[in-house]
1. Residue 322 is checked against (1) farther than 21 Å from residue 386 by Cα; (2) open to solvent by 10 Å² or more (accessible area, probe 1.4 Å); (3) under 22 Å from the mean Cα position of the chain (by Cα) and fails just one. What number does that condition carry?
2. Identify the single condition in (1) among the polar types (S, T, N, Q); (2) modelled with pLDDT of 95 or more; (3) touching a strand residue (DSSP E or B) at 6+ places or on another chain (Cβ under 7 Å) that residue 322 does not satisfy, given that it satisfies every other one.
3. Against the definition (of a type in the set (A, V, I, L, M, F, W, C), in contact (Cβ under 8 Å) with a residue 60 or more places away in the chain, on the phi > 0 side of the Ramachandran plot and open to solvent by less than 30 Å² (accessible area, probe 1.4 Å)), how does residue 282 come out, yes or no?
4. What pairs can you find where one residue is in region 258-270 and among the β-branched types (Val, Ile, Thr), the other is open to solvent by less than 70 Å² (accessible area, probe 1.4 Å) and outside any helix (DSSP H, G or I), and their Cβ atoms are less than 8 Å apart, with a gap of 6+ or different chains?
5. Say we look at region 5-26 and pick out the residues that are over 29 Å from residue 325 (Cα atoms) and either basic (Lys, Arg) or modelled with pLDDT of 85 or more (or both); which of these is surrounded by the most Cβ atoms within 10 Å (Cβ to Cβ)?
6. Exactly one of (1) under 21 Å from the mean Cα position of the chain (by Cα); (2) more than 23 Å from residue 104 (Cα to Cα); (3) in a helix (DSSP H, G or I) is unmet by residue 162. Its number?
7. Take residue 79 and tell me if it is over 22 Å from the mean Cα position of the chain (by Cα), in contact (Cβ under 8 Å) with a residue 40 or more places away in the chain and surrounded by 15 or more Cβ atoms within 10 Å (Cβ to Cβ).
8. Given (1) at pLDDT below 95; (2) of a type in the set (S, T, N, Q); (3) outside any helix (DSSP H, G or I), identify the lone condition not met by residue 310.
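The values are calculated or read from the model by the stated rules, or taken from the named source; none is laboratory data. What you are looking at is a predicted structure, and each value in this text was computed from that prediction instead of being measured. Because the Cβ atoms are built from the backbone with ideal geometry, glycine has one as well, and the counts that use them run over all protein chains shown. Protein only, heavy atoms only, side chains kept; ligands, DNA and RNA dropped before computing areas. Shrake-Rupley method; radii C 1.70, N 1.55, O 1.52, S 1.80 Å.
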Amino acid sequence: MRPSKRLERIPPYAFAELERKIAEKRAAGVDVISLGIGDPDRPTPPLIVEAMQEAVSEPETHRYPSNRGREDFRAAVRDFYERRFDVTLDPQREIIPAIGAKEAIFNLNLAFLDPGDYALAADPGYPVYTGGPWLAGGEPVLMALEPELGFTPDLGAIDDDVARSAKLMYLNYPNNPTGALAPDGFFERVVEFARAYDILVVHDNAYSEIAFDGYKPPSFLATPGAKDVGIEVFSLSKGYNMTGWRCAVVVGNADALEIYWRLKTNIDSGLFDAVQLAGVAALSPEADAEVASMNQLYVRRRDLVCDMLQKVGVDVRPPHATIYVWAPVPEGYESSTAYAEHVLEEAAVVVTPGAVYGPAGEGWFRISLTTPDDRLLDAVLRLGALAK
């Protein structure tokens, strides 16, 4: 049998291939330490689990949920955005739950792109920013994140004809994979650009709750005019250790959300009510202490990794947010993939080559901090020994 032509356009999902390689090594008896995939190693906080346990025992949660979402979940999102970002949202028109951020980002392509339409995608960036447009029949156009611009795209360098054919722009700050923050004035320039070319900005806000050194990442929607041109996908996966729960929300421009909702009613049956009730607990002020505790853990791990890399001559800058360290490939390797393969073969450590995230990621590699402390220490010691 043959796959569709749209599926043939994209390679297998990068992290699925990474998982296969890890399993193959471990099956051969190799003690592999993976620093590749950003899946938090700590369990979901007890107050969230307890809320889920209580909710799933209630028969009324066992029925089809509404694609619009529960009123109490939407109210919790509204309150959280007001408290955390100073952003006012209408829970009736500007909030819709999603079955994870990945689902939401992909479905937005189906909702807004026709064949031949462009989606401007951050490079390096989350692979769904490019795979989603391809599967929807559109064309991703890469926007290189320039290191000298703080890993932001040069909006002025985007071809005028491309911009006029673009319907979507994907951005993500704090950024995966680079750990970069949105510089002052950048979101304002994005709003101006999107308004000029009638582009819907999709800000992937997956890491706003993982930040260090006193930094508090803003919501894109806090930017004046942002709600006129954009939406934000907020995920509970990383900040609340809920990757397997598939709990996210799309917020912002009411007209865009109405289109997104029309698509969802034909694709899925909504987010499980019990998961939404767990989300209510996660977004409550009572969960703030759990988030702060996780951030302390990631700071310790960040410093451990960056100190070791700096000692062996890697020019790495400690990030102020996210669960990732983005570092330049040491000299002597022809590509980031070659370096990652060398590290796997010689040190049994998995790092992610930057090229996985797009051409502009070449020359870099990513380390995830979601590995228990003792294993992370072992991994960085192996990397250090390999560099000698």
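1. Unmet condition: (2).
2. (3)
3. No; evaluated as a whole, the condition is false for this residue.
4. Listed pairs, sorted by first residue: 265/67.
5. Across region 5-26, the extreme among qualifying residues is 9.
6. Result: residue 162 passes all but (1).
7. So residue 79 passes the test.
8. Every listed condition holds for residue 310 apart from (3).
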